[in-house]
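J.: Pasting a structure below so you can have a look.
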Amino acid sequence: MCRHLAYVGAACSPTRLLLAAPHSLTRQSHAPRDMRGGGTVNVDGFGLGWYPADAEPVRYRRSGPIWADAGLPELAASLRTRAFLAAVRSATPGMPVSEGACAPFGAGRWLFSHNGIIAGWPDSMAELAGKLPITDLLRLDAPTDSALLWAMLHDRLRSGQPPESAVTGLVTEVERAAPGSRLNLLLTDGERIIATAWSHALSVRGDSSGVVIASEPCDSDPEWTPVPDRHAVVATRDSVDLVPINADRSSRT
Ligand code: GLN
């Protein structure tokens, strides 16, 4: 299953988390430690989205392995950004390998990634997908479960739902329609990150410079904390909240 991460904090280059850390996203693409539900490597594309000062996020997505992209090291080194979201993809069997199928998906200030699979795809989603405007369905980046999840989440966000309840409400609704789905979602607007652990690995690390939420810890820093299953993490530069999905807020660290 794919690996993803997001950062908010002091302006920095994405190089460390993407490429240089001992267990960077690039390393997680060919030597992941905690793949669940099939797949051994994450070579079916990658993506990076970042926030230029006073501008909407920019995305760089490619359909090949992250380590084979000659331009990425220079691009990452040239950036200074207060937030970014990146993902490496292991395509679910039957789903296309294409740039459009790679996270981050996005619109306006939002960047989004999904690590997992919708059980019973696509039939299990017929009813929920049918509630979306047809124009959203025609504009999906790819005919994949992740692209549809983004369309459904974006629909909630633009109708004014607070992002935290939009994300947890979507997980609850999709799980009801497609029990046994794996739904690790990752959403950021550049100021906060909302992530879910739903049948997949997820860890969080915060310090004075910022917060990282990642499928797997990127180094041996003891501050990395596993996120319990069926929880959401809501993080800003200064705070990390754990929220049980379907229940009230439990703790603040
Ligand atoms: N099902 C999604 C896709 O095929 C995500 C895959 C994954 O998490 N490995 O793009």
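The values are calculated or read from the model by the stated rules, or taken from the named source; none is laboratory data. What you see is a predicted model, and the numbers here were worked out from it, not measured in a lab. Positions of Cβ are generated from backbone atoms using ideal geometry, with glycine treated the same way; all protein chains shown enter the neighbour counts. These accessible areas exclude ligands, DNA and RNA; they are computed on the full protein's heavy atoms, side chains included. Shrake-Rupley method; radii C 1.70, N 1.55, O 1.52, S 1.80 Å.
J.: Does the chain come out rounded, prolate or oblate by the C-alpha gyration tensor, with a ≥ b ≥ c the root eigenvalues, rounded set by a/c under 1.5 and, if not, prolate when a/b is larger than b/c and oblate if not?
T.: Numbers: a/c = 1.36, a/b = 1.19, b/c = 1.15.
It comes out rounded by the Cα gyration axes.
J.: Please return the longest stretch of the chain lacking exposed loop sites, where GluC sites (Glu not before Pro) count only if DSSP places them in a loop and at most 15 other Cβ atoms lie within 10 Å. Display every interim value, and only then the final one.
T.: Values: sites that count: Glu191, Glu223.
No qualifying site falls inside 1-190, the longest such stretch.
J.: Expected output is a single nm value to one decimal: the length gained when fully extending between Ala177 and Arg59, i.e. 0.36 nm times separation in residues minus the C-alpha distance. What is it?
T.: Values: separation 118, 0.36 × 118 = 42.48 nm, distance 3.10 nm.
Between Ala177 and Arg59, full extension yields an extra 39.4 nm.
J.: Run the accessible area of the stretch 3-252 with a 1.4 Å probe and give the carbon-and-sulfur part as a rounded percent. Working shown, then result.
T.: Values: 5280 of 10300 Å².
The C+S portion of the solvent-accessible surface of the stretch 3-252 is 51 percent.
J.: Another question, then. I'd like to check one number: the per residue accessible area of the stretch 132-252, probe 1.4 Å, reported in Å² as a whole number. Let's see the in-between values first.
T.: Values: 4940 Å² over 121 residues.
Per residue, the stretch 132-252 has an accessible area of 41 Å².
J.: Mean residue ellipticity at 222 nm from the helices of the chain, using -39,500 (n - 2.57) per DSSP H segment of n ≥ 4 over the full residue count, to the nearest 500 deg cm²/dmol?
T.: On the way: 6 runs with 51 residues, N = 253.
When only DSSP H runs of four or more count, the value is -5500 deg cm²/dmol.
J.: For Leu137 and Trp121, compute 0.36 nm times the residue count separating them, minus their Cα-Cα distance, and round to one decimal in nm.
T.: Details: separation 16, 0.36 × 16 = 5.76 nm, distance 1.53 nm.
Length gained between Leu137 and Trp121: 4.2 nm.
J.: Separate question: Given Cβ point charges of +1 (Lys, Arg) and -1 (Asp, Glu) and nothing else, what value in debye, to the nearest 20, does the dipole of the stretch 3-252 about its Cα centre take?
T.: Values: 24 positive and 27 negative charges, 29 e Å.
That gives the stretch 3-252 a dipole magnitude of about 140 debye.
J.: Obtain the nm distance between the two label points defined at Leu75 and Ala129 by a simple spin-label model: each point lies 7 Å from its Cα along the Cα-to-C-beta direction.
T.: Here the modelled spin labels are 2.8 nm apart.
J.: So, in nm, how far is label Ser209 from label Gln161 when the simple model puts each one 7 Å beyond its Cα toward the Cβ?
T.: The modelled label-to-label distance comes out at 3.6 nm.
J.: Pop the C-beta distance of His30 and Ala107 into the FRET formula with R0 = 30 Å and round what comes out to the nearest 0.05.
T.: E(calc), rounded to 0.05, equals 0.45.
J.: A follow-up question, please. For a label point 7 angstrom out from the Cα of Arg16 toward its Cβ, which stretches of the stretch 188-220 have the backbone nitrogen within less than 11 Å?
T.: Answer for this model: 207-212, 219.
J.: Then there's this: Scan around His231 for amide H atoms under 5 Å from its own, H built in the peptide plane at 1.01 Å from N, and keep only partners 5 or more places away or cross-chain.
T.: It is Ala197, Ile245, by chain and number.
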